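Only one structure is covered here, and it is reproduced in the block below.
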Amino acid sequence: MKVHEEEVRIPGAGHLIRAKVLTPDGGGNRPAVLVYSDIFQLTESTLRTCRRLAAAGFVVCVPEIYPRGELAGVALEFDDAGKAAGLAGAASMTTAEFDEDRVAVVDYLAQCDDVTTVHAAGFCLGGHLAFRAAFDERVASTVCFYPTGLHNGALGADHAGSLARAADIGGQLMIIFGSRDPHVPAAARVQIVSALYEAGLEDLELHVYAGGEHAFMRDVGPRYDPALTDLGLAEAISFLGGRSL
């Protein structure tokens, strides 16, 4: 299926949030997915994944995660300088600012005439942001790909405490980990899963992909695993579509 792309500006609190909106060809009303990138923002690698989601029948909205300051509108390179800039961008953002921007984007999607339901997904730091998006009662389901910082509260400039709010999640939740992810090792995965169950989230879906490294779905660099990427996307598409797409 062909996909149409446009760049939009979503009003935030005193700033604009740049976002790409990808819409499947053919028109009609469709579910929407708010997709959070990794720390490198709107790279072509992230957009390739978003195109695959849109081609599966979703309206996909992928906003920049650093809409304030010098990284606004910047897609970072997958090198040491890009990594350092991305981490600095995260450190410059408070949890409240991340949440504030999420509300703005969900508001935008909720008022779109062609959107039936709103869902969320994210990768790495974006997986953590997607987890927090699940706190919004308007978000029907969420997929977190190898979310970083959930187990220890690391997100931005302050302690996010996201796991402590797990009981606020009212929609469906799926989390996909890689077994060889040093940022979310086995002990961290046990901590996350235990906290989710303790919060009463027993109806959730969890996957640990054997051999998966951190960022195994980023199709640039030696950690990329095409087979696991296809598996993860198929699982996410089925889950976000309520098993009906």
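Values quoted throughout were computed directly from the atomic coordinates according to the rules given, and no laboratory measurement underlies them. Keep in mind that what you see is a predicted model, and the values were worked out from it rather than measured. Positions of Cβ are backbone-derived with ideal geometry, glycine not excepted, and every protein chain shown enters the neighbour counts.
Per-residue packing, averaged as other Cβ atoms within 10 Å, sorts the ranges 35-41, 13-19 into the order 35-41, 13-19, beginning with the highest. For region 144-232, dividing the convex hull volume of the Cα atoms by the residue count gives 104 Å³ per residue. All Cα-Cα separations within region 3-239 were binned at 10 Å from zero, giving a P(r) of 8, 36, 40, 16, 1, each value a whole percent of the pairs.
Taken one residue at a time, the phi angles of region 176-186 give Karplus couplings (6.51, -1.76, 1.60, θ = phi - 60°) of 10, 10, x, 5, 10, 7, x, 7, 9, x, 4 Hz. Gly and Pro are set to x. Taking amide H as placed 1.01 Å from N in the peptide plane, the amide H of Ile17 sits under 5 Å from that of Ile10, Gly12, each at least 5 places away or on another chain. Note on region 18-70: with charges restricted to the Cβ of Lys and Arg (+1) and Asp and Glu (-1), its dipole about the Cα centre is near 140 debye. Taken about its Cα centre, region 3-239 carries a charge dipole of roughly 180 debye when the Cβ of each Lys and Arg holds +1 and the Cβ of each Asp and Glu holds -1.
Along the axis of the charge dipole computed for region 2-71 (Cβ charges of +1 for Lys and Arg, -1 for Asp and Glu, origin at the Cα centre), the listed residues Pro31, Pro63, Leu47 are led at the positive end by Pro31. Summary of the geometry: region 149-172 and region 18-40, compared by the centres of their Cα atoms, lie 24 Å apart. Note on the chain: helix-only mean residue ellipticity at 222 nm, from DSSP H runs of 4+ residues weighted -39500 (n - 2.57) and normalised by residue number, equals -10000 deg cm²/dmol. The phi-based Karplus calculation (6.51 cos²θ - 1.76 cosθ + 1.60; θ = phi - 60°) puts the 3J(HN,Hα) values of region 236-241 at 5, 4, 5, 5, 5, x Hz, whole numbers, x for Gly and Pro. Computed about its Cα centre, the charge dipole of region 101-245 is approximately 340 debye, with only Lys, Arg, Asp and Glu carrying charge at their Cβ.
Per-residue counts of other Cβ atoms within 10 Å, averaged by peptide: what ranking do you get for 53-64, 80-91, highest first?
Top to bottom by mean Cβ count within 10 Å: 53-64, 80-91.
A crude spin-label estimate for the pair Arg9 and Glu77, with each label 7 Å from Cα along the Cβ direction, gives 2.9 nm.
Full extension of the chain segment joining Asp158 with Val208 gains 15.2 nm, where the gain is 0.36 nm per residue of separation less the Cα-Cα distance.
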